[in-house]
Amino acid sequence: MDYQAMYAAKLTDKETAMNLVRSHDRIMVYGGANVFLTSLCERSGSLEGVELYSMFMLNQDYPFLRGETEGRIDHYGTFLSPPMRKAQADGHPQGVILAHYSDTDRMVQERIKPTFMFVQCTPMDEEGYFYMGFNSLGHKVGAEIAERIVVQVNPRLPRILGECNKLHISKVTAVFEEEAALYTAAKKEVFDETDYKAARLIAERIPDGATLQIGVGRVPDAVGNLLFDHKDLGIHTELFSVSLMELMKAGVVTNSRKTVKPGKTVFAFAGGQRATQEIYDYVDNNDQIEMNPISWVNDPYVVAQLNDFISINSAIAVDLTGQVCSESIGLTTFSGPGGQADFIRGAKLAPNGQSYIMINSTGTKKDGTRFSKINLTLAPGSAVTGSRADVQYIVTEYGVAEIRFRSLAERAKALISIAHPEFRDKLTYDAKKAGYFI
């Protein structure tokens, strides 16, 4: 079959492609869709009843985030990313869909049910395939459901290998070509000594040959910077970060001892909020790397098949029973469930698996006042991301608290011991008053 002729027949200009959007469409897009989203907002006056679902909104502001297109384009996100967070702080509530990342495919099938899908892609290869960018948050399932699929061909996009990332020209409704800059973080991540004190406590517990999952955020990523003396590490993670890339470059990650997809670094999205051009260049056409659907990567039963699996994630707050909040500040949503619970549960089931929640013991308010991130209870309205019956280790710069299979008294005492010394007496008083111990 002549795929180039098929491509030529579907190639059009951006305006014509945009006219394929109809009122009452259910549109599915990804974080790098700036060209499409800007054009969509420009023609919002001619639309009504459109539901727009972004799988991760990168750092750009749009009118629909501020309620300016209500009734015409209503936006829903699967994770409260920075531009959504800013709009929310300015008084514009955000439509956040609460779901574990392992449920992404079902969410696409049962909630989003896209009629229209827009995806930024690499140039087509000789077999008629495009590669769909740097994340796999349900877009393979979305492409199977959508009635119309519009592709923006962007030659800057990395070609990340993996069957889930391929889209055939025969499935596409229209194509337009427009080169566009890729999102990159404004500044390089900076780690402080508090981060590294906690990170060292975890790094020394990671055996050679272990398979790693390192979650979103500065605090857990610090661990990756301390593993250069390790050998034969593997990667099975939702986020492929800078620290994991550096471990691959140094030969520390070989994936040779992995029990699922040995020889391959497995992830579901690359870079995220801290993406760099270096990451895009590294993952481009790299045969040591394979992107897989996030519903599969995060599936606890898949994770359970990985020997010596190490899960490392961060938190906003922890209570003295071991409940972990990683997605809200009291009643205010900060992010979303993401994949933390998926990997905590998967690590629990994996042979010799370990799961760690890292948190700095204190934070600082705007007025400079220090507060404890470990407290008797979570703030009213806080979301419980990590169940106290699932969480294994909680780590601060003051130590490691093992809480799985521990009584309330044992948990409270262990967590008080890793809280900042300034707050330990108060926490002890609160725990005794609550009846956790005498």
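The values are calculated or read from the model by the stated rules, or taken from the named source; none is laboratory data. All values reported here derive from a predicted model rather than from experimental measurement. When we count neighbours, we look across all protein chains shown, and the Cβ atoms used for this are built from the backbone with ideal geometry, even at glycine. What goes into the accessible areas is simple: the full protein's heavy atoms, side chains included, and nothing from ligands, DNA or RNA. Shrake-Rupley method; radii C 1.70, N 1.55, O 1.52, S 1.80 Å.
Quick rundown of the values:
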item	result
Residue ranges of helices (runs of 4 or more DSSP H) in the range 1-84 with at least 1 members closer than 20 Å to S136 by Cβ and open to solvent by less than 20 Å² (accessible area, probe 1.4 Å)	34-42
Positions within the range 227-240 being aliphatic (A, V, I, L, M) and farther than 13 Å from P207 by Cα, in sequence order	I235, L239
Filter pass, R388 being of a type outside the set (F, W, Y), open to solvent by 20 Å² or more (accessible area, probe 1.4 Å), outside any loop (DSSP other than H, G, I, E, B) and in contact (Cβ under 8 Å) with a residue 24 or more places away in the chain	no
Residues that are more than 23 Å from N19 (Cα to Cα), open to solvent by less than 30 Å² (accessible area, probe 1.4 Å) and aromatic (F, W, Y), drawn from the range 90-133	Y101, Y131
Residues (out of contact with any Ser or Thr (no Cβ under 7 Å at 6 or more places or on another chain), over 26 Å from I374 (Cβ atoms) and crowded, with 24+ Cβ neighbours inside 10 Å) located in the range 292-319	V297, V303
Any hit, the range 369-384, residues being more than 26 Å from the chain's Cα centre (by Cα), over 12 Å from A317 (Cβ atoms), assigned to a loop (DSSP other than H, G, I, E, B) and not basic (K, R)	yes
Set N313, N307: member being touching a helix residue (DSSP H, G or I) at 6+ places or on another chain (Cβ under 6 Å) and touching a residue at least 24 places away in the same chain (Cβ under 8 Å)	N313
Residue among V175, V153 that is of a type outside the set (D, E, K, R) and either crowded, with 22+ Cβ neighbours inside 10 Å or farther than 21 Å from A17 by Cβ (or both)	V175
Given (1) touching a residue at least 60 places away in the same chain (Cβ under 8 Å); (2) outside any helix (DSSP H, G or I), number of the condition Q88 does not satisfy	(2)
